[in-house]
Amino acid sequence: MHLDLDPALSRRGGLERALREAIRAGRLAPGARLPATRKLAVELGLARNTVAAAYDQLVAEGYLTARRGAGTQVAPLPRADPPATAATPLPPSPRHDLTPGSPDVSTFPTAAWLRATRRALTAAPASVHGYGDPRGRVELRTALAEYLGRTRGVRATPERIVVTSGYAQALALLASVVDGPVAMEDPGLPFHRDVVARAGRPVVPLPVDDRGATTPADVAAAVVTPAHQYPTGVPLHPSRRHALTAWARESGGLLVEDDYDGEFRYDRRPLGAVQGTAPDHVVYAGSASKTLGPGVRLGWLVLPPRWLDPVVDAKLHADHHTEVVGQLALADLIGTHAYDRHIRGCRQRYRHRRDQLVQRLDDLGIPAHGVSAGLHALVEHPDETAVLARAAARGLALSGLRPHWHDPDHAARQGIVVGYATPAEHAYRAALDALARTLTT
């Protein structure tokens, strides 16, 4: 029997691999009888005990069978499936990336994160590496309660915070515990609608106008973006704030406040969270995706008392708890105010980028919609499809407005959503040049 033994492995390991590969490849067919251990040992120049041990291992793994009087045979393994088709390759990176939804990840505070991680792990007990509280590490929940109260006007205690693996998981957990339809802004991010639908909840449109989201009816929950509606960029009018919290109080419905970019307001102090006016009826949801980067995968929920236990139970059965090292590092960043310093730097940088974008569009006679806030701007255009086609031809990545509508085929408006925070600083001017050419030719 011809077998190629890998010299990089031990003799027994090389024999086991060679036999496995011969069986998988069909060179040793099911039912084929293998040589006796003594004979194969002589053929391969191995010790008989080495061959016997290899046979025993493959019998234990199910590749071989051994019966007294019948010798050692190849087991009748299931027929191999045909080779899987290759996964759809990721699209190539665009030359100019102005897609919304991401900060400039090149500004991630790597040095500060490393220092925070080192301090946190040095001080942490070994028990942090075991299973823990589904709500998340108390160090981060305590830091978040202070930070959110100070910067966003959120009324929170560590006991009412649940740390999640990003906002998408937070939304999925909430959808899993409500019983009935969920109203979501129209227009709004289609991915978030998909998250709720995959949790088994019907999604109904919640119309948005120049005052923000309207008041829902006959739903179990409503998800809104009050500080800076995505993608229109309008803040929720005070009268709408009152109307939404009144709806939550009177109907018992769950109002979810997605504060995805609330730290970034450029023309005034950021608007305080709606949750601060109705903490027993509003869930506040935030994350580090826009402040640090989506790769960090840290989000949080500040929950009304009656929703706390159901969400904690859902989190426990989703993944037990969010990974710990990132939680400890972020808690340290917040506690040392390195997080505040990083956000201040980003706020100045993104304000300057937005000013450049608005000025460039103004030179072309094109308005940018939305208040001076966040990481994106809406540019309306009567022929969205043509703009996106010209952009693609120039290697410019943009997001169209049409997919954001619940019924894209009957979109009330067309346009593009420009993510001015996405490119690295050195690439931003060229991206603006490509955008200007796309909008004028």
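Quick note: the coordinates plus some simple rules give every number you see, no bench work behind them. Predicted model only: the values in this text are computed from it and were never measured. For neighbour counting, all protein chains shown are included, and Cβ atoms are generated from backbone atoms with ideal geometry for every residue, glycine included.
Each residue in Trp300, Trp307 was given a count of other beta-carbon atoms within 10 angstrom of its own, and listing them fewest first yields Trp307, Trp300. Put simply, the amide H of Arg394, placed in the peptide plane, has no neighbours under 5 Å, leaving out anything fewer than 5 places away on its chain.
Distance from the Cα centroid of region 123-144 to that of region 19-76 is 50 Å (rounded to whole angstrom).
Close amide H partners of Leu64, meaning residues 5 or more places away or on another chain with modelled amide H under 5 Å apart, are Val59, Ala75.
When only alpha carbons are used to place a centre, region 348-422 and region 164-193 end up 24 Å from one another.
Between 0 and 90 degrees, rounded to the nearest ten: what's the tilt of helix 110-123 against the longest Cα principal axis of the chain? So the helix axis and the longest Cα principal axis differ by about 70 degrees.
For region 253-268, the Karplus equation 6.51 cos²θ - 1.76 cosθ + 1.60, evaluated at θ = phi - 60°, returns couplings of x, 9, 9, 9, 9, 8, 9, 5, 9, x, 6, 10, 10, 10, 9, 6 Hz by residue, with Gly and Pro reported as x.
For Glu250 and Glu159, what is the calculated FRET efficiency with R₀ set at 22 Å and r taken between the beta-carbons, to the nearest 0.05?
On the way: r = 27 Å, r/R0 = 1.22.
Taking R0 as 22 Å, the efficiency between Glu250 and Glu159 is 0.25.
From least to most packed, judged by other beta carbons within 10 angstrom and beginning with the fewest, Arg95, Arg402 follow the order Arg95, Arg402. In this simple spin-label approximation, Ser127 and Ala25 carry label points 7 Å from Cα along the Cα→Cβ vector, and these lie 5.4 nm apart.
With the cut-off at 1.5 for a/c, could you classify region 67-121 from its C-alpha gyration tensor as rounded, prolate or oblate? Please report the intermediate quantities before stating the final value.
Working: a/c = 7.30, a/b = 1.95, b/c = 3.75.
The shape class here is oblate.
Along region 2-9 the Karplus relation, 6.51 cos²θ - 1.76 cosθ + 1.60 evaluated at θ = phi - 60°, assigns HN-Hα couplings of 8, 9, 9, 8, 6, x, 6, 9 Hz to successive residues, with x for each Gly and Pro.
Springs between Cα atoms under 10 Å define the GNM used for the chain, and in it the highest mean-square fluctuation of Gly400, Gly233, Gly26 occurs at Gly26. The H on the amide N of Ala221, modeled in the peptide plane, is under 5 Å from the matching H of Ala183, Leu254, each at least 5 residues off or on a different chain. Could you tell me which of rounded, prolate or oblate describes region 108-340, using a ≥ b ≥ c as the square roots of the eigenvalues of the alpha-carbon gyration tensor, with rounded for a/c under 1.5 and, failing that, prolate when a/b is larger than b/c and oblate otherwise? Here region 108-340 falls in the prolate category. For region 412-425, 3J(HN,Hα) computed residue by residue from phi via the Karplus equation (6.51, -1.76, 1.60; θ = phi - 60°) reads 5, 9, 10, x, 10, 10, 9, x, 6, 8, 5, x, 5, 4 Hz, glycine and proline entered as x.
Ellipticity at 222 nm from helices only: DSSP H runs of n ≥ 4 in the chain, each -39500 (n - 2.57), divided by the residue count, give -13000 deg cm²/dmol.
Rank by packing, highest mean first: peptides 182-188, 325-331, 265-271, with packing defined as the count of other Cβ atoms within 10 Å averaged across residues. Intermediate results must be reported in sequence, preceding the final value.
Values: 182-188: 25.7, 325-331: 22.7, 265-271: 14.3.
Packing order, densest peptide first, comes out as 182-188, 325-331, 265-271.
What is the list of residues in region 415-429 whose amide nitrogen lies under 16 Å from a point 7 angstrom out from the Cα of His352, following Cα to Cβ? Within reach of a label on His352, which here means backbone N under 16 Å from a point 7 Å along Cα→Cβ, region 415-429 contributes 420-429. Judged by the gyration tensor of its Cα atoms, with axes a ≥ b ≥ c, the chain is prolate; a/c meets the 1.5 cut and a/b is the larger of a/b and b/c.
So if R0 is 60 Å, what FRET efficiency would Ala70 and Ala392 give, r being the distance between their Cβ atoms, rounded to the nearest 0.05? Each step should come with its number before you reach the end.
Details: r = 66 Å, r/R0 = 1.09.
Calculated transfer efficiency: 0.35.
Among Asp309, Asp56, Asp97, what is the fewest-to-most ranking by other Cβ atoms within 10 Å?
Details: Asp309 11, Asp56 14, Asp97 17.
Ranked by crowding around the Cβ, least crowded first: Asp309, Asp56, Asp97.
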